[in-house]
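Asker: The structure under discussion is supplied below as structure tokens; questions concerning it will follow.
We did not get these values from a lab; they are worked out from the coordinates using the rules stated. All of these numbers come straight from a predicted model, not from anything done at the bench. Note that we place each Cβ from the backbone using ideal geometry, even for glycine, and neighbour counts take in every protein chain shown.
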Amino acid sequence: MQSIQAPQLVSTHIWPVRVYIEDTDAGGIVYYVNYLKYMERARTEYLRTLGWDHQNLMHSFQSHFVVHQVQIQYQKPVGMDQQLWVLTQVQSASKVRIHFQQRIYLGGPTWDAHLVQASSESELAAYRVCQARIDVAYVNATKRKPTAMPAPLVKALGECIQKGDEGE
């Protein structure tokens, strides 16, 4: 039996990632595309904290998200077995599109989600591995055309943006 958790409206979602050998290239550093995979997982978990998961959207609304545009900047290499934190924020949202800002930071043994959340961007800049702006569109699975997201999801995204503007 699966437990149902109440949605959590947060402006910044934090997702931990550990780098495994399968994530690295021949040089022993994270292969560039894997950062996008980490970000995809973090966006998925962020939506799940809001009470929306991909299976629900597909089965209930016959729609899903597709990546429309990615702008990514890699800043420093990361090796195997290192701890990373993926921070995800919704920058803006419309009925058919979400604009995410995502940053990946190198963690350490004394880091935890609360420390990352409490730190300012300037304090974290030295630990930033990469950052991206990722725009996703909500599309009808059959027609493969943009369609409106469920109104409660749009409302939840707006509330998360507002929390961020208020500084939580």
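Asker: To the nearest 0.05, how large is the calculated FRET efficiency for HIS59 and VAL33 if R₀ is 25 Å and r is the Cβ-Cβ distance?
Answerer: Details: r = 29 Å, r/R0 = 1.16.
According to the calculation, E is roughly 0.30.
Asker: Run down the lysines and flag those whose C-alpha is under 28 Å from the C-alpha of LYS155, throwing out any fewer than 8 positions away in its chain.
Answerer: Those lysines meeting the cut-off are LYS37, LYS95, LYS143, LYS145, LYS163.
Asker: If Lys and Arg each add +1 and Asp and Glu each add -1, what is the summed charge of the other residues whose beta carbon sits under 10 Å from the beta carbon of ALA137? Walk me through the numbers before you get to the answer.
Answerer: Working: positive: ARG97, LYS145; negative: ASP135.
So the surrounding residues net to +1.
Asker: Give the peptides 48-58, 77-87 in descending order of average Cβ contacts within 10 Å, highest first. Walk me through the numbers before you get to the answer.
Answerer: Working: 48-58: 15.5, 77-87: 18.3.
By packing density, highest mean first, the sequence is 77-87, 48-58.
Asker: Quote the relative contact order of the range 12-165 in percent (integer), defining contacts as alpha-carbon pairs under 8 Å separated by 6+ residues. Walk me through the intermediate numbers first.
Answerer: Values: 264 pairs, mean separation 45.2, N = 154.
Value for the range 12-165: 29 percent.
Asker: Would you mind checking the tilt of helix 151-165 against the longest principal axis of the Cα atoms of the chain, expressed as 0 to 90 degrees and rounded to 10?
Answerer: With both axes taken from Cα atoms, the answer is about 40 degrees.
Asker: Quick check: net charge around THR44, other residues with Cβ under 12 Å of its Cβ, Lys/Arg +1 and Asp/Glu -1? Kindly include the intermediate steps, with their values, before the conclusion.
Answerer: Numbers: positive: LYS37, ARG41, ARG43, ARG48; negative: GLU40, GLU45, ASP53.
Around THR44, the surrounding residues sum to +1.
Asker: Report, in degrees rounded to the nearest 10, the 0 to 90 angle that the Cα long axis of helix 32-49 makes with the longest principal axis of the chain.
Answerer: Relative to the chain, helix 32-49 is tipped by roughly 50 degrees.
Asker: So, one more: For Cα extents along the principal axes in Å, the listed values are (1) 74, 44, 29; (2) 60, 48, 27; (3) 43, 37, 37; which was obtained by calculation from the structure presented?
Answerer: Matching the structure shown: (3).
Asker: Full extension from ARG48 to ARG18: what is 0.36 nm times the residue separation minus their Cα-Cα distance, to one decimal in nm?
Answerer: Details: separation 30, 0.36 × 30 = 10.80 nm, distance 2.03 nm.
Full-extension gain reported as 8.8 nm.
Asker: Simple spin-label model, 7 Å along Cα-to-Cβ: GLN69 to SER120 in nm?
Answerer: According to this spin-label approximation, the distance is 3.0 nm.
Asker: Based on DSSP H runs of at least 4 residues, each adding -39500 (n - 2.57), what is the mean residue ellipticity at 222 nm of the chain after dividing by all its residues, to the nearest 500 deg cm²/dmol?
Answerer: -9000 deg cm²/dmol
Asker: Expressed in nm to one decimal, what extension gain is obtained for the pair ARG133 and ALA148 from 0.36 nm per residue of sequence separation less their Cα-Cα distance?
Answerer: Values: separation 15, 0.36 × 15 = 5.40 nm, distance 2.14 nm.
Gain in length upon complete extension: 3.3 nm.
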